[in-house]
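To keep things clear, I will list the structure first and then write my remarks on it.
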2 protein chains.
Amino acid sequence: MVDWDSYRRPAFEKAQQLLRGVAHRTPIMRCRTLSEMAGCDVALKCENLQKVGAFKFRGAYAMIASLTETERSPGVITYSSGNHAQAVALAAKLFGTRAVIVMPEDASGVKLSATRGYGAEILQHGFTPQERQAVATRLADERGLTMVPPYEDPRILLGQGTVFMEILEQEPHSEVVLVPVGGGGLLGGICAAARVFRPQLEIYGVEPEVADDWARSIESGRIVRIATAHTIADGLRSLEPGKTPFPIVKEVVRGILRVSEDQIRRAMLLLLTRAKLVAEPSGAVAVAGALAHSQRFRNRRVVALISGGNVEPSTLTALAPLPSGCPADSSDR
Amino acid sequence: MVDWDSYRRPAFEKAQQLLRGVAHRTPIMRCRTLSEMAGCDVALKCENLQKVGAFKFRGAYAMIASLTETERSPGVITYSSGNHAQAVALAAKLFGTRAVIVMPEDASGVKLSATRGYGAEILQHGFTPQERQAVATRLADERGLTMVPPYEDPRILLGQGTVFMEILEQEPHSEVVLVPVGGGGLLGGICAAARVFRPQLEIYGVEPEVADDWARSIESGRIVRIATAHTIADGLRSLEPGKTPFPIVKEVVRGILRVSEDQIRRAMLLLLTRAKLVAEPSGAVAVAGALAHSQRFRNRRVVALISGGNVEPSTLTALAPLPSGCPADSSDR
């Protein structure tokens, strides 16, 4: 059961106000080649150009901003190996409070240094998300820190839902929004916002077919856990939907689209060479979905959400050579 | 001598009106790391996100739009191996008129196919710009086509100058604008616009130190021809300043900054990994200039113009590995 009272218009408007002048109002871009290939009007909502390079900053900042002084001043804690870690670290820094991030023992030096660069204290523990979550929960208790989870909190979802409010302002005539889905914070926030602000707008989640926990769960009507999630899209390696977003998504979403690993790579390359935008693999799945499921959206006005742009250069270089029909030195915006 | 009557306020306003709803109003972006490294507030004006992936579309479209029907209907012609070719091809296509582009015999297949993709007729002739220009001039006469040169026409400069008008609207408090300079169409247009709209705003050109025809020419007060221009910045390989923009730039510009090839590569990589933006080498020189000449701009409000994003993936891949202090999977916007 969803407590819909947590997701009413004033709550979203408050989140938007908290983020005003802090989070970027990210631009909408278009790429003619992409729209022609998809057979529909594709507008790109560029959350890869958000602070910390991903939408995650919205939820982390909105939640930390809405804490009481008593909750915030001792510091915040989270568990993440990716964009959420940096989002919490930066948001905490902006409030002058401490951030503790539990990261895996095998986290890359690059990710550790990026998170540390925002002034966060990093604890490396275990290898699985479950281990990290357990340690973070225990530390929160022991040290009196406030947990800022990646998606299991309505305040996080309200922050992510502000993306939808911006889309409505920037593209008031859009008919479909395609959203990458991993844990479900972004898709859940957008579904909750769509229910309030524009229920007739069609929301779809997009995920790798080799990590299709959401598609299976929505299809069967209950949370299904998958065994593995070996995808290039490192932000979408969830094994099961989050408990907070799942019932919201279940009620609102029109479907979850699957895309192949090759389709994700091609979407990244298309964004890089034609739209001049860096998307991380997780960030490119909505574009991949627009291309792979184009018959479904023929001639419609589609917004594809680019959720993040944090990618290792080595991943970009592995994308070349170009697929056919994708000249390198041109753009058709 | 400059005929300043060609560059008055109504002429710029007309160019802006011609481009309205056709050219993109490209966004301004910021990257915290970049500003911190430069020691000043760096705003990125993203003409790499312009149609055809470069500012060139503004000038080409503005000029073709201001032709009489008699001039336009037989078709237009130009000589270019790069972004101007695509800009003329697309602008002609939008007006339903023919475009003939004279390109070098050794033009890459990728550039040929990109230009042909906009429906232009391509003639390959010679290897030097002089040869191409001679052929194009002769063909224009023979076939009654109208020449749309890369920078030797006030109507081209008026179109490029609209970038400056947008900068004033988007960043009214900016104090310095850094502009890549090759032939001088963009810098000339911006200097002419600055003279009209905000003369106290400081304009600097930026060019590769191994192709410093502008720096030498401005320093000596007359057009100086250099012997070679072996730079990665393929759009800035001019051997001498254009005759139309030179006297305008000479009167307005505060200086021409030189950057090394390595500084250009580092600026490209910084834009890619931190700002999530694809810049071509020529497009990244203004950012390189902000970093290389940071003592000059300490604590000031600087706009760095990213002039284009059309780059071969192989050039991007050659940028890795990362220089130190530039983590890959993060962004500090």
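The values are calculated or read from the model by the stated rules, or taken from the named source; none is laboratory data. Given the structure is predicted, the values throughout are model-derived calculations rather than measurements. In this analysis, Cβ positions are derived from the backbone assuming ideal geometry, glycine residues included, and neighbour counts consider all displayed protein chains. Side chains are part of the model used for accessible areas, which takes the heavy atoms of the whole protein and leaves out ligands, DNA and RNA. Shrake-Rupley method; radii C 1.70, N 1.55, O 1.52, S 1.80 Å.
Report, by residue number, each residue of region B:73-82 that is in contact with a strand residue (DSSP E or B) (Cβ under 9 Å, 6 or more places away or on another chain), open to solvent by 10 Å² or more (accessible area, probe 1.4 Å) and outside any strand (DSSP E or B).
B:Pro74, B:Ser80, B:Ser81, B:Gly82 - these are the residues of region B:73-82 that are in contact with a strand residue (DSSP E or B) (Cβ under 9 Å, 6 or more places away or on another chain), open to solvent by 10 Å² or more (accessible area, probe 1.4 Å) and outside any strand (DSSP E or B).
So, in region A:1-22, of the ones that are in a loop (DSSP other than H, G, I, E, B) and either over 20 Å from the mean Cα position of the chain (by Cα) or not aliphatic (A, V, I, L, M) (or both), which residue ends up nearest to A:Glu169 (Cα to Cα)?
Looking at the filtered set, the residue picked out is A:Arg20.
Please verify whether region A:178-192 includes one or more residues that are open to solvent by 30 Å² or more (accessible area, probe 1.4 Å) and either of a type outside the set (S, T, N, Q) or in contact with a Cys (Cβ under 9 Å, 6 or more places away or on another chain) (or both).
No; the residues of region A:178-192 include none that is open to solvent by 30 Å² or more (accessible area, probe 1.4 Å) and either of a type outside the set (S, T, N, Q) or in contact with a Cys (Cβ under 9 Å, 6 or more places away or on another chain) (or both).
Consider only pairs whose beta carbons are under 6 Å apart and that are at least six residues apart or on different chains; among these, list those whose first residue lies in region A:206-235 and is outside the structural domain of A:Val177 (by TED's automatic domain parsing) and whose second residue is at pLDDT 95 or above and outside any loop (DSSP other than H, G, I, E, B).
Going by the 6 Å Cβ cut-off, there are no qualifying pairs.
Looking at this structure, is A:Arg32 more than 23 Å from A:Ala89 (Cα to Cα), of a type in the set (D, E, K, R) and within 13 Å of chain B (Cβ to nearest Cβ)?
yes
Looking only at helices (runs of 4 or more DSSP H) that fall completely inside region A:149-237, which ones have 3 or more residues that are touching a Ser or Thr at 6+ places or on another chain (Cβ under 9 Å)?
A:154-170, A:185-197
Identify the single condition in (1) assigned by TED's automatic domain parsing to the domain that holds A:Val311; (2) open to solvent by less than 30 Å² (accessible area, probe 1.4 Å); (3) on the phi < 0 side of the Ramachandran plot; (4) at pLDDT 95 or above that A:Ala65 does not satisfy, given that it satisfies every other one.
Only one criterion is unmet by A:Ala65, namely (1).
Provide a single number: the residues in region A:275-319 that are more than 14 Å from every other protein chain (Cβ to nearest Cβ), β-branched (Val, Ile, Thr) and out of contact with any strand residue (DSSP E or B) (no Cβ under 6 Å at 6 or more places or on another chain).
Of the residues in that region, 0 qualify.
Provide a single number: the residues in region A:98-135 that are in contact with a Pro (Cβ under 6 Å, 6 or more places away or on another chain) and not aliphatic (A, V, I, L, M).
Count: 2.
Name, by its number, the condition in (1) touching a Leu at 6+ places or on another chain (Cβ under 6 Å); (2) within 14 Å of chain A (Cβ to nearest Cβ); (3) more than 11 Å from B:Pro180 (Cα to Cα) that does not hold for B:Val249.
B:Val249 satisfies every listed condition except (2).
Hey, among B:Ala89, B:Ala85, B:Ala43, which residue is in contact (Cβ under 8 Å) with a residue 12 or more places away in the chain, surrounded by 19 or more Cβ atoms within 10 Å (Cβ to Cβ), outside any helix (DSSP H, G or I) and within 14 Å of another protein chain (Cβ to nearest Cβ)?
B:Ala43
Could you list all residues from region B:92-140 that are open to solvent by 70 Å² or more (accessible area, probe 1.4 Å), closer than 13 Å to B:Gly75 by Cβ and in a helix (DSSP H, G or I)?
B:Lys93 - this is the single residue of region B:92-140 that is open to solvent by 70 Å² or more (accessible area, probe 1.4 Å), closer than 13 Å to B:Gly75 by Cβ and in a helix (DSSP H, G or I).
Have a look at A:Leu239, A:Leu257, A:Leu271 and point out the one that is open to solvent by 10 Å² or more (accessible area, probe 1.4 Å) and either more than 14 Å from chain B (Cβ to nearest Cβ) or farther than 17 Å from A:Tyr151 by Cβ (or both).
Being open to solvent by 10 Å² or more (accessible area, probe 1.4 Å) and either more than 14 Å from chain B (Cβ to nearest Cβ) or farther than 17 Å from A:Tyr151 by Cβ (or both) holds for just one of A:Leu239, A:Leu257, A:Leu271, which is A:Leu239.
If I filter region A:46-72 down to residues being within 14 Å of another protein chain (Cβ to nearest Cβ) and in a loop (DSSP other than H, G, I, E, B), which single residue comes out as nearest to the chain's Cα centre (by Cα)?
Filtering region A:46-72 for residues that are within 14 Å of another protein chain (Cβ to nearest Cβ) and in a loop (DSSP other than H, G, I, E, B), the one nearest to the chain's Cα centre (by Cα) comes out as A:Phe55.
Looking only at residues in region B:141-165 that are over 20 Å from B:Tyr61 (Cα atoms) and free of Cβ contacts under 8 Å to residues at least 60 places away in the same chain, which one is surrounded by the most Cβ atoms within 10 Å (Cβ to Cβ)?
B:Asp141
Quick one: would you say B:His24 is within 14 Å of chain A (Cβ to nearest Cβ) and either at positive phi or open to solvent by less than 30 Å² (accessible area, probe 1.4 Å) (or both)?
no
Looking at A:Leu187, is it of a type outside the set (Phe, Trp, Tyr) and free of Cβ contacts under 8 Å to residues at least 60 places away in the same chain?
Judged against the criteria, A:Leu187 is not a match.
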